[in-house]
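Undergrad: I'd like to ask some things about the structure below.
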Number of protein chains: 2
Amino acid sequence: MRVVELPEILAAIDADEITAAIEEGFRRYSSGQAEAMAVGHLSFDDPPGDCHAKGAWLRGDDVFVCKLTTGFYRNDLVGLPTSNGFSAVASAKTGEILAILHDLGQLTDLRTALAGAIAARLIARADTRVLGVVGSGTQAALQAKWIAKALGIETVLVWARDPAKAAAIGEAVPLAELAARADLIVTTTPSREALITAEMARPGMRIVAVGCDTPGKSEIAPEVMAQARIVVDSRSQCIDHGDTANAVAAGLIDGNGLIELGELIAAPIAFAAEEIVVADLTGVAVQDVQIAKAVWAKLAA
Amino acid sequence: MRVVELPEILAAIDADEITAAIEEGFRRYSSGQAEAMAVGHLSFDDPPGDCHAKGAWLRGDDVFVCKLTTGFYRNDLVGLPTSNGFSAVASAKTGEILAILHDLGQLTDLRTALAGAIAARLIARADTRVLGVVGSGTQAALQAKWIAKALGIETVLVWARDPAKAAAIGEAVPLAELAARADLIVTTTPSREALITAEMARPGMRIVAVGCDTPGKSEIAPEVMAQARIVVDSRSQCIDHGDTANAVAAGLIDGNGLIELGELIAAPIAFAAEEIVVADLTGVAVQDVQIAKAVWAKLAA
């Protein structure tokens, strides 16, 4: 069992290779090749924090991956990173634990951002020049970086409750201005009330929604979802929670017609310029499997 | 993050301390102090194998534990241990991963055996001299060792399909003879059909059942369960699967009257000599938490 600390993990990251691996993971997930564990979750109260365990195996692979991530948002106050965790890479032939990648949750952050960039590339209009980022946390910065890179974005507008934090990522603007000017929007907040409202909807709007990943959260108003072609990372998971689920619960969409991201990757769709398209990404374990496999392949080479 | 390999883990094991810790874990579980993750599971087909992820936090504790165990039964053929895995000990205050105990599944084996010994001590008749072990695998040997130690057992009878394997643990006997002679029986097999049948039931029979831990398995006939006082490690889990669940499914018991092991530890019951008592142990994450915490406390001291 090899233990790999963060600096060595970061040195083994090749974003293009990982992007290709994650795309392959989504394709294989949507073609039914993934076996996933029930997601494990623990909540802590004093100080508040949580822990998630996810694991999966892509049938035919020699290895499988289980990861544990923790988030303790008050760690800032004591000078510790808010995220932590590791990914375990194990043999699907013998059960041996091959590696512990002690990534402090950074592989999760990166796989989430790269999935956003993958979805952005597939749903963006050809003339996309302006990216609108909603939120100012770790994912806001990472999505801005990787979507801008994937699409050759020139202008990044950012809305966040704290304009100073927004300005650290791009041009801080009011939310309504962002919604009016951005060719593509990425939402990255833990909001419990919709931020992208029905009044903001306009033809050709494209949204990558990554913040709304647990029950009770909401970033996109159900009325906007009802007007959109909807791409989901996981049909079953997005019907259970996330912006898609909220629109289903509101009775505004019925869950038919959802396009799974792996299907879109396998067979890209030329969306009409005036269509509203939302990619609702709640996060699936195949992303964790593919990024850990890609890093481990470099390290074990 | 400290990584601890098996020899150092084994050197840190104090069975008496771990037994006390596991008893405390059962008590706290039964008094509602445990938060447990959904159990994660993956199955592999070629070669056959499986993986389980369990995690829990006892409210108020400074640490929580998640473990991953694998079982690949054909590893024997290639000279590898059939079990593998690790326990991660993490801070419930900051989410930091404090330790990876790379125990190859041996802490799971030991906590299962010590739970058997705890249950045996609480349900055995005072005059118990003869232990009957059903099965010849890792748990058969470990339960024989730890129950014999806990109860001062003089004679160990063993039944297994392969008498040579049985003889490695104790006196190999036919199953009917074992059932007739043993004061206390421990069942440790992955059988899918009941081994302890209605014909074998007799007044004062005491059984610790640890083998039947997943849906589809069965060691004790529902008719025997129906005559017994039943102790369970987890009321909710034992109603879902295991010998208790099989008897509920057969309509012979209704699930009321089950005694949870943590309740029995907190308030021991003087069972009448002629009562049949079965302790149905399906395995709960608090055992993993408590053994990992006890080992880590020694190592971090």
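No value in this document is a laboratory result; all are computed from the given coordinates. What you see is a predicted model, and the numbers here were worked out from it, not measured in a lab. Cβ atoms come from the backbone with ideal geometry, glycine included; neighbour counts cover every protein chain shown.
Undergrad: Once R0 is set to 35 Å, what does the formula 1/(1 + (r/R0)^6) return for the Cβ-Cβ distance between A:Glu177 and A:Glu274, expressed as a FRET efficiency to the nearest 0.05?
TA: After rounding to 0.05, the efficiency reads 0.95.
Undergrad: Percent antiparallel among DSSP beta bridges with both residues in chain A, to the nearest 5? Present the calculation step by step, with values, prior to reporting the outcome.
TA: Details: 29 of 59 bridges.
Counting only bridges with both partners in chain A, antiparallel ones make up about 50 percent.
Undergrad: With everything on Cα atoms, drop me the angle between helix B:138-151 and the longest principal axis of chain B, reported from 0 to 90° to the nearest 10.
TA: With both axes taken from Cα atoms, the answer is about 80 degrees.
Undergrad: Pairs B:Lys54/B:Lys149; B:Lys165/B:Lys298; A:Lys293/B:Lys54: which exceed 24 Å Cα-Cα?
TA: Violating the 24 Å limit, Cα to Cα: B:Lys54/B:Lys149; B:Lys165/B:Lys298.
Undergrad: Now a separate question. Give me the inter-chain shielding for A:85-93: mean count of other chain Cβ atoms within 10 Å, whole number please.
TA: On the way: counts 5, 5, 0, 6, 0, 7, 6, 9, 9.
That works out to 5 on average.
Undergrad: Tell me, what is the percent relative contact order of chain A, built from C-alpha pairs under 8 Å that lie six or more residues apart? If you can, show how the numbers build up before the last one.
TA: Numbers: 681 pairs, mean separation 60.2, N = 301.
Once normalised by length, the contact order is 20 percent.
Undergrad: Can you give the mean number of other chain Cβ atoms that lie within 10 Å of the Cβ atoms in peptide A:35-43?
TA: Values: counts 6, 2, 10, 6, 3, 11, 4, 10, 2.
Neighbouring Cβ atoms belonging to other protein chains average 6 per residue here.
Undergrad: Starting with the fewest neighbours, write out B:Asp280, B:Asp46, B:Asp240 ranked by other beta-carbon atoms found within 10 Å of each beta-carbon.
TA: B:Asp46, B:Asp240, B:Asp280
Undergrad: Using 0.36 nm per residue of separation minus the Cα-Cα distance, give me the extension gain between A:Arg59 and A:Arg2 in nm, one decimal.
TA: My answer for the length gained is 18.1 nm.
Undergrad: Could you go through region B:169-181 in sequence order and give the Karplus-derived ³J(HN,Hα) for each residue, using 6.51 cos²θ - 1.76 cosθ + 1.60 with θ = phi - 60°, rounded to whole Hz, and x for Gly and Pro?
TA: Result, ordered by residue: 9, x, 7, 5, 9, x, 4, 5, 5, 4, 5, 7, 9 Hz.
Undergrad: Sticking with this one: Taking neighbour Cβ counts within 10 Å as the exposure measure, how do A:Val78, B:Val130 sort from fewest upward?
TA: If I rank by nearby Cβ atoms, fewest first, I get A:Val78, B:Val130.
Undergrad: Measure nothing fancy, just the Cα-based angle from helix A:106-123's long axis to the longest principal axis of chain A, in degrees from 0 to 90, nearest 10.
TA: The angle comes out near 40 degrees.
Undergrad: Sort A:159-171, A:100-112 for me by packing, meaning the mean count of neighbouring Cβ atoms within 10 Å per residue, highest on top.
TA: A:100-112, A:159-171
Undergrad: Sort out for me the Cα centre separation of region B:215-286 from region A:157-185, rounded to whole Å.
TA: With region B:215-286 and region A:157-185 each reduced to a Cα centre, they are spaced 59 Å.
Undergrad: OK, next. To the nearest whole number, what is the average tally of beta carbon atoms from other chains within 10 Å of the beta carbons of peptide B:104-110?
TA: Mean number of neighbouring Cβ atoms from other chains: 1.
Undergrad: List the residues, sorted by chain then number, that are 5 or more residues from A:Ala99 or on another chain and whose placed amide H is less than 5 Å from its amide H.
TA: Distant-sequence amide H within range of A:Ala99: A:Arg2, A:Val89.
Undergrad: Divide by every residue of the protein assembly as shown the summed helix terms, -39500 (n - 2.57) for each DSSP H run of at least 4, and state the resulting mean residue ellipticity at 222 nm, rounded to the nearest 500 deg cm²/dmol.
TA: After summing the helix terms and dividing by residue count, I get -10500 deg cm²/dmol.
Undergrad: Further question: How much of the DSSP beta bridge set in the protein assembly as shown is antiparallel, as a percent to the nearest 5?
TA: Here the antiparallel bridges make up roughly 50 percent for the protein assembly as shown.
Undergrad: Quick one: which residues, 5+ away or cross-chain, put their amide H under 5 Å from the amide H of B:Ile253? H built at 1.01 Å from N.
TA: Amide H to amide H, under 5 Å and 5 or more residues apart or across chains, B:Ile253 pairs with B:Val248.
Undergrad: Right, here's the next one. Pop the C-beta distance of B:Ala38 and A:Asp45 into the FRET formula with R0 = 22 Å and round what comes out to the nearest 0.05.
TA: 0.70
Undergrad: Using only the alpha-carbon atoms, how far is helix A:285-300 inclined from the longest principal axis of chain A? Give it as 0 to 90 degrees, nearest 10.
TA: So the helix axis and the longest Cα principal axis differ by about 50 degrees.
Undergrad: Taking a cut-off of 20 Å between Cα atoms, list the aspartates and glutamates near A:Lys93, but don't count ones fewer than 8 places away on the same chain.
TA: A:Glu35, A:Asp61, A:Asp62, A:Asp288, B:Asp45, B:Asp46, B:Asp50, B:Asp76, B:Asp103
Undergrad: Once amide H atoms are built 1.01 Å from N in the peptide plane, which residues 5 or more positions from B:Val63, or in another chain, come under 5 Å H to H?
TA: Hits under the 5 Å cutoff: B:Ala92.
Undergrad: Okay, moving on. Measuring label to label, 7 Å along Cα→Cβ, what does A:Lys149 give against each other copy in nm, shortest first?
TA: Those separations, rounded to one decimal, come out as 5.4 nm.
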